[in-house]
Amino acid sequence: MRFTSPSLALALISLATLSAGTATHGDLAHRNYKPETSGRTVCGCITGAIKVNGRNCGNLATELCTCTNVLAELVESTTRNPIRTGRDHEGRDRTISALTDRINKCKKEDKRTCTHPKHSHPSCSRRNLCGYTCDRGYHDCGNNSCKRVCSAAPTGYISHPDKRDENYWGHRAQRSCAAGWTACGVPGGTSREWECLNTQTDLESCGGCPSGTVSSLTASASGKDCTAIPHIADVACVAGGCAVQRCLPGFKISSAGDACVAESSLFRTAFQAASAWGLEHIPLDK
């Protein structure tokens, strides 16, 4: 028998589709998923064991800071255990539900209800639970807003953040650094690429941002790479200054403690100083 009725044909197509694979609500949500980019959401930091539908999927190796409105994207794309374990064994939706429950049950100091601007996505961290990053083509214009072009400055000049000098972005980067750390430009990076460094102890940026890079307004790009000091065997950055601990054979720590000089050089320096004072004997060992 042949069915020629359009309604019957449509019914057969629908039945064939269902028999090939049942399209659940979760499947449809996965196909049509688009991360929310604005509105209220709960953001928090979680650690420890992750349980999904009663299954212990393991412990997080490091603290996870995220927001409930991007959990679907996280669960679908992550290769990070134990989230991947939960997804693979208990399913996407149950894993999302378990993570949502963990965030909602965080201690008060570990979570926050956030309102992110349109055209942005969450960038949650321990320092800034409600942090966000503007989508490509949009700029952070302050006042919790992301726009293609920021509003006019008081002088009437239209301010384009992507064309501002490094000081603007340096100020923004500095606010994201922990106390005692300095925002430094990334070698070869753009004016928007920054990293937070502890210039009091960083061996390669001792005393300031790396030479040749941009620094925030609170610091100068005068850092020294202690590891580049010639003839050192061991060195540290102490209070923003290179402190040589040990030199290679044939060299000694300089009187200032920030370099290695040949042992013969030390002898000659002492000999010249003694001679200038008219000393006949110089009780120094080479």
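Values quoted throughout were computed directly from the atomic coordinates according to the rules given, and no laboratory measurement underlies them. Keep in mind that this is a model prediction, so the values were computed, not measured.
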Check your understanding: For segment 33-122, what percent of Cα pairs sit more than 15 Å apart?
Key -> 57 percent
Check your understanding: In terms of modelled amide H atoms, which long-range or inter-chain residues lie less than 5 Å from the amide H of A259?
Key -> V244, S254
Exercise for review: Using only the Cα atoms, work out Rg/Rh for segment 101-154, with Rh taken as the Kirkwood radius, to two decimals.
Suggested key: 1.09
